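Taking it in order: structure first as structure tokens, then the write-up.
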DNA sequence: GACAATAATATTGTTGGACAATTTTGAGGC
DNA sequence: GCCTCAAAATTGTCCAACAATATTATTGTC
């Protein structure tokens, strides 16, 4: 679950820091729009500035920070337009006519779904977010396309950045998601790909709507 | 056309080198499977090792090199499975039911097509490749989705890597492409998105087939 | 001669300090 | 208040060194 723990202890400092800093970005410790200064980070993590620079370059290539020459790195501030773009892309890869052409294993997806429902019931949003990601990645992953999976993973990272600018996240979207995920699981258990696609599309539309409302509220 | 020239002369050494080295990779100067050693590159480009390291990290995040701890960077060797995966993804974003939902400007696409045809006629494969990329990026770009465009750009970069392992590239695929592109342009001029999608799908299928035959031949 | 263990070498990972190039900040002057 | 220009802060790049790891060569043994 926690990528930090999953990382081999023999991993290099740079790798560990890249994971750690990206997690802190997602946690909101480095707020959107805020700058990440090299000397500051180097002092805080007790490493050389070179290491920080390499980490920041990695994060920049992943889209987790914006990088400009002589201006340094800052956490991107995603706009509502970005959120729409993300969901447009998600609909393409998750509910397009190519989606679920290889039907995912219903029991696997169902298992993740049950854990997700439990986390939501316990109001453990941290865990819920991870399981939500796992749910969608497992469905797309069934197609067996490394590039589609990688693209989805990138989109979901972007989505986390978008959620950072939506301050009043109250978990209602997750609560709604439980039922929507349930419909997808039911369709998969019935081996009905078309129905699953439609359920997925409804789910994505609803999630997009909730996010955008949230983001719009934050701009007033 | 040439990204190197497009780069502001005030750009940082690291940025220029990232462009330069990636171009040399695409040109086959650093062959697939070959290692990129830091000291060697640093000496050759007369820069510090740190610069090379940052460049390599950037390229790694872009998928242009594989990176492993203490083992360094090497140019990836794409497999036939990779090629299939790339075209599967391309079909999704270029000829899926979402594709060309915003109809591209036929005159713009047609203009690129004419230049492409001219380059192919002149057997300038270097230029032809760039114009081929421009053709497809312009069509997808019309949708106005930054993430779809970025994904396609990444897929086309991957495709260049795949072509590196297909040694006997003789330009026949480009010659065939001219007619196939022409059909797409014709459909766009007729404002017939469905026809354009079908023509695009046929084009991608043909290009995939040609590439895979080429790659298969190289493995004997 | 083939094979495993070990030593030597090559390569990457990380550090520290230094200085140049550029941007940002701040202080006057109008 | 706005512009100009110096001062400060920040990033870009270099050098030299050493530690950690991987690769290669060299043994020694059967």
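Rule-based calculations on the coordinates, nothing more; no lab input. Keep in mind the model is a prediction, meaning the values are calculated, not measured. Please note: Cβ atoms are built from the backbone with ideal geometry, for glycine as well, and neighbour counts cover all protein chains shown.
Assorted remarks:
- Quotient of C-alpha Rg and 2.2 N^0.38 Å, computed over region B:134-209: 1.17
- Peptide B:149-155 has a mean shielding of 3, counted as Cβ atoms of other protein chains within 10 Å of each residue's Cβ.
- Segment residue A:126-residue A:15, extension gain: residue separation times 0.36 nm, minus the distance between their alpha carbons: 37.7 nm
- Potential lengthening between residue A:191 and residue A:45 on full extension [0.36 nm per residue; Cα-Cα distance subtracted]: 47.5 nm
- For region A:1-130, the Kirkwood estimate of the hydrodynamic radius, built from every pair of different alpha carbons, is 17.5 Å.
- Cα long-axis angle, helix B:125-141 against chain B (0 to 90 degrees, to the nearest 10): 60 degrees
- Principal-axis tilt of helix A:13-26 within chain A, Cα atoms, nearest 10 degrees: 60 degrees
- Distance between the pseudo-spin-label points of residue B:97 and residue B:209 (7 Å out from Cα toward the beta carbon): 2.6 nm.
- Relative contact order, percent, chain B [alpha-carbon distance under 8 Å, six or more residues apart]: 22 percent
- Spatial separation of Cα centroids for region A:157-181 and region A:109-135, in angstrom: 12 Å
- Region B:74-130 shape via C-alpha gyration tensor axes, a/c threshold 1.5: oblate
- Prolate/oblate/rounded call for region B:82-183, Cα gyration tensor, a/c under 1.5 rounded: oblate
- For A:53-64, mean number of other protein chain Cβ atoms within 10 Å: 4
- Between residue B:62 and residue A:170, the C-beta separation translates, for a Förster distance of 35 Å, into a calculated FRET efficiency of about 0.40.
- Judged by the mean number of other Cβ atoms found within 10 Å, the most tightly packed of the peptides A:38-47, A:55-64 leads the ranking A:55-64, A:38-47.
- Mean partner shielding of peptide B:98-106, defined as the number of other chain Cβ atoms within 10 Å of each residue Cβ, is 1.
- Sequence-separation-based contact order of region A:101-196, relative, with Cα cut under 8 Å and 6+ spacing, percent: 39 percent
- Share of Cα-Cα pairs in chain A lying beyond 30 Å, as whole percent: 28 percent
- Working note: 222 nm ellipticity from helices only, DSSP H runs with n ≥ 4, each -39,500 (n - 2.57), summed and divided by the residues of chain B, gives -22500 deg cm²/dmol to the nearest 500.
- Cα-based helix-to-principal-axis angle, B:49-61 vs chain B, degrees rounded to 10: 30 degrees
- Debye intensity ratio I(q)/I(0), log10, region A:38-79, q values 0.32 Å⁻¹ (C-alpha model): -1.13
- Three-way shape label, the protein assembly as shown, alpha-carbon gyration tensor, a/c 1.5: oblate
- Centroid-to-centroid separation of region B:27-77 and region B:81-104 [C-alpha atoms, Å]: 30 Å
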